[in-house]
């Protein structure tokens, strides 16, 4: 972005810094505090969900039942998915938005600061409720993170009631968070910050927030219908009363497909910030990035049934959802092209954020291609519910969403803390993660194509070798995250002082502020020419 | 509207207390419902739910009082007003999507699932499940009449529902008249039109309650009566809850008008309630059409 600033006010007439003690974190209305809370919470959930993943991989290291009972295995796959989606990835992006969006648009804070605090503080309670189900009679949710009826209704453990209320609470939190982000972007931009000057991270979050407000209520609706079926005698998902279990899948995926873009669009935004900085070139095709992101968001409402090709839909439905899904490859291709074109003839350097961003481009694209394979309805009959699907969505979510979050964390940490992180440790973290992720998830493609079903604790002997490889990779990836945690903590506590611009090639309002950023910024809006 | 800078509030205790009360409500409601379903004594869980709900209500009261006081003391500028407008608009959009999920359910059940179950179309194989089942809408006889005995009768749209339509649609007009009166500053007329709006809304709720009683006691139209009852009650029930909430909001702004709040240029609290009320009204028109008439 080549905006010149006539005035960059970093200090504040607000006059006061953070409050003392724990009250600061409980009662805060400051977007930076709330961003920090979101980020720590998501890191905690990432490690929790990660431990569950390692339990799954440990059990699958060898065929046969070694470590856990099948009932517990099912609870682990379910909880791992729910925690990673709703507890790790989504709050991490909201945390980054809280920190960066006001600073990028020149706003004094989020538009509705008290509601912002509420959005965050619902989450720890919602997840306590959800995790507590693991200790209840009959165990926790065991029906997969997609909680298909009738597994989640007729055959569910009693703790499903608490799962439903936990989902309601997360939905309330997400909707309020999204409303806040939209109001901030639309209403609190500094004078001169027109829509087409917004940094791409802001743009992608604007569109993500729209998706959140559109689909979280649908999720609330579907869990409410589950609650009614379980406890109040209705028959929405029961054919004996004229309902249809397939209806559950339709409503769920009407939420679920936009949800997967909710977990990737902000990642696109982060990568679109990082690549120009380290390629020392402007982002190629800014406007086309905006339009591509918007088209992906609109298309996401028209493709939900590609998750259900094998459930038995009329031919017209199979065809429509197949072609609509393939259409998404076009705007996604535009984005990948633009990232590559940004790097073309750039003076690139490879600091940790750039390494994560680059591997995002490559590995997310692999996940995108396996998605295209899955979009072919007749082929999907073969892949459906196999490890191929597991490989696909882990490629877009781990080296996709999670890598972008890590890239963003390394990229902005110096701005937040005022210190540079340890670069060699960061690179070590990257390479171990990169190798670990590929060792974990690449063999799953082969397992899936060979027919290994997902969500099972035991498997046929011919799948043993690839499973052992995948489990080894998972432990490499999992343990190397300890380096990440260590690097963050030591960066907060000290290290080489960061300059205001931090990176040689960085542009934008946030880099004009001092490092570390003062508690209140842009109390008077800057003017952007 | 005086302040030049955007108002950023200091610390607030309300949000985290509100989160705690939501948590108490969820724990209370979850245990209560599970105990009821399992037919075991419910213990004090109902009380926990009630305590959580009361706590939430009092927190919201205190929170809104803060906001109102800040607004009355001129801390908010026009930009703040726009934030509230965006906030309310997107909140209503989220409500639209909530109802869209249930309307979508109704259309899917009615136009696809039930006909397929009755043997129509490409998915007609499901006919093998219940061979004698005839597709029809309203679904009077369900595939399994033992578990889900269908209703004997459904609600006649041209009696209570028609009256309710008239009540709600006219209440949308009366609330607009109140808004017009506010813009020219005629307080007695605002008070009158708002009171009429609240009465129309309450009348709607009374008739709705009466209709539910009739459905349960005379028509056999219950939550257990198969998918027609399920879609009927979830749509009208959530709409009724929204009318209740809307009426409470109307009563609150009515009280505020009596206290001399709002003026011709500064009354977004009032306007937000009218937006919400119109939204509830529009949903009802959809319900009247797709649930009752067609």
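Looking at segment A:460-480, is at least one residue over 16 Å from residue A:399 (Cα atoms) and outside any helix (DSSP H, G or I)? Among the residues of segment A:460-480, at least one is over 16 Å from residue A:399 (Cα atoms) and outside any helix (DSSP H, G or I), which makes the answer yes. Among the numbered conditions (1) surrounded by fewer than 18 Cβ atoms within 10 Å (Cβ to Cβ); (2) over 20 Å from the mean Cα position of the chain (by Cα), the only one that residue A:283 does not meet is (1). Restrict the check to segment A:301-313 and report whether at least one residue is modelled with pLDDT under 95 and over 27 Å from residue A:84 (Cα atoms). For segment A:301-313, residues modelled with pLDDT under 95 and over 27 Å from residue A:84 (Cα atoms): present. Out of B:67, B:40, one residue alone is closer than 24 Å to residue A:164 by Cα and more than 7 Å from chain A (Cβ to nearest Cβ). It is B:40. Residues in segment B:70-91 that are more than 10 Å from chain A (Cβ to nearest Cβ) and touching a helix residue (DSSP H, G or I) at 6+ places or on another chain (Cβ under 8 Å): B:71, B:76.
Scanning segment A:217-234 for residues that are in a helix (DSSP H, G or I) and without any contact (Cβ under 8 Å) to a residue 40 or more places away in the chain yields a count of 5.
When residues in segment A:130-152 are screened for being within 12 Å of chain B (Cβ to nearest Cβ) and either over 26 Å from the mean Cα position of the chain (by Cα) or in contact (Cβ under 8 Å) with a residue 60 or more places away in the chain (or both), 3 of them pass. Applying the set (1) within 14 Å of chain B (Cβ to nearest Cβ); (2) in contact with a helix residue (DSSP H, G or I) (Cβ under 8 Å, 6 or more places away or on another chain); (3) more than 21 Å from residue A:405 (Cβ to Cβ) to residue A:315 leaves exactly one unmet item: (2). A single entry from A:162, A:127, A:232 fulfils the requirement of being surrounded by fewer than 23 Cβ atoms within 10 Å (Cβ to Cβ) and facing chain B (nearest Cβ under 8 Å): A:232. When residue A:513 is tested against the conditions (1) surrounded by fewer than 16 Cβ atoms within 10 Å (Cβ to Cβ); (2) closer than 25 Å to residue A:25 by Cα; (3) modelled with pLDDT of 95 or more, the lone failure is (1).
Looking only at segment A:217-231, decide whether some residue is modelled with pLDDT of 95 or more and under 22 Å from residue A:101 (Cα atoms). No. Just one of the listed residues (B:132, B:229, B:237) is surrounded by fewer than 21 Cβ atoms within 10 Å (Cβ to Cβ), over 23 Å from residue B:254 (Cα atoms), modelled with pLDDT of 95 or more and within 14 Å of chain A (Cβ to nearest Cβ), namely B:237. Scanning segment B:220-266 for residues that are in a loop (DSSP other than H, G, I, E, B), on the phi < 0 side of the Ramachandran plot and touching a helix residue (DSSP H, G or I) at 6+ places or on another chain (Cβ under 6 Å) yields B:221, B:222, B:223, B:264. Is there a residue in segment A:206-216 that is at pLDDT 95 or above, assigned to a loop (DSSP other than H, G, I, E, B), more than 13 Å from chain B (Cβ to nearest Cβ) and crowded, with 24+ Cβ neighbours inside 10 Å? No, segment A:206-216 has no match at all.
All conditions but one from (1) within 19 Å of residue A:220 (Cβ to Cβ); (2) touching a residue at least 24 places away in the same chain (Cβ under 8 Å); (3) at the interface with another protein chain (Cβ under 9 Å from one of its Cβ atoms) apply to residue B:103; the one that does not is (3). Of the residues contained in segment A:276-290, none is found to be free of Cβ contacts under 8 Å to residues at least 60 places away in the same chain, within 14 Å of chain B (Cβ to nearest Cβ), part of a helix (DSSP H, G or I) and more than 17 Å from residue A:253 (Cα to Cα).
Where helices (runs of 4 or more DSSP H) sit wholly within segment A:340-452, those with at least 3 residues that are in contact with a strand residue (DSSP E or B) (Cβ under 9 Å, 6 or more places away or on another chain) occupy A:423-449. Here the condition is being more than 25 Å from residue A:291 (Cβ to Cβ), within 13 Å of chain B (Cβ to nearest Cβ) and in contact with a helix residue (DSSP H, G or I) (Cβ under 9 Å, 6 or more places away or on another chain); of A:178, A:156, it holds for A:156 alone.
Consider residue A:195 against the criteria (1) surrounded by 24 or more Cβ atoms within 10 Å (Cβ to Cβ); (2) more than 30 Å from residue B:32 (Cα to Cα); (3) more than 9 Å from chain B (Cβ to nearest Cβ): it satisfies all of them except one. Which criterion is unmet? Result: residue A:195 passes all but (1).
Considering segment A:235-253, and only residues there that are assigned to a helix (DSSP H, G or I) and within 7 Å of chain B (Cβ to nearest Cβ), the residue that is surrounded by the most Cβ atoms within 10 Å (Cβ to Cβ) turns out to be A:241. Of the numbered criteria (1) under 20 Å from residue A:100 (Cα atoms); (2) surrounded by fewer than 24 Cβ atoms within 10 Å (Cβ to Cβ), the one residue A:181 fails is (2).
In the set A:108, A:102, A:91, only one residue is within 14 Å of chain B (Cβ to nearest Cβ), in contact (Cβ under 8 Å) with a residue 24 or more places away in the chain and assigned to a helix (DSSP H, G or I); that residue is A:102. For the residues B:38, B:62, B:26, the requirement of being in contact with a helix residue (DSSP H, G or I) (Cβ under 9 Å, 6 or more places away or on another chain) and either farther than 17 Å from residue A:169 by Cα or assigned by TED's automatic domain parsing to the domain that holds residue B:262 (or both) singles out B:62.
The values are calculated or read from the model by the stated rules, or taken from the named source; none is laboratory data. Not measured: the values here are computed from a predicted model. Glycine gets a Cβ as well: all are built from the backbone with ideal geometry, and neighbour counts include every protein chain shown.
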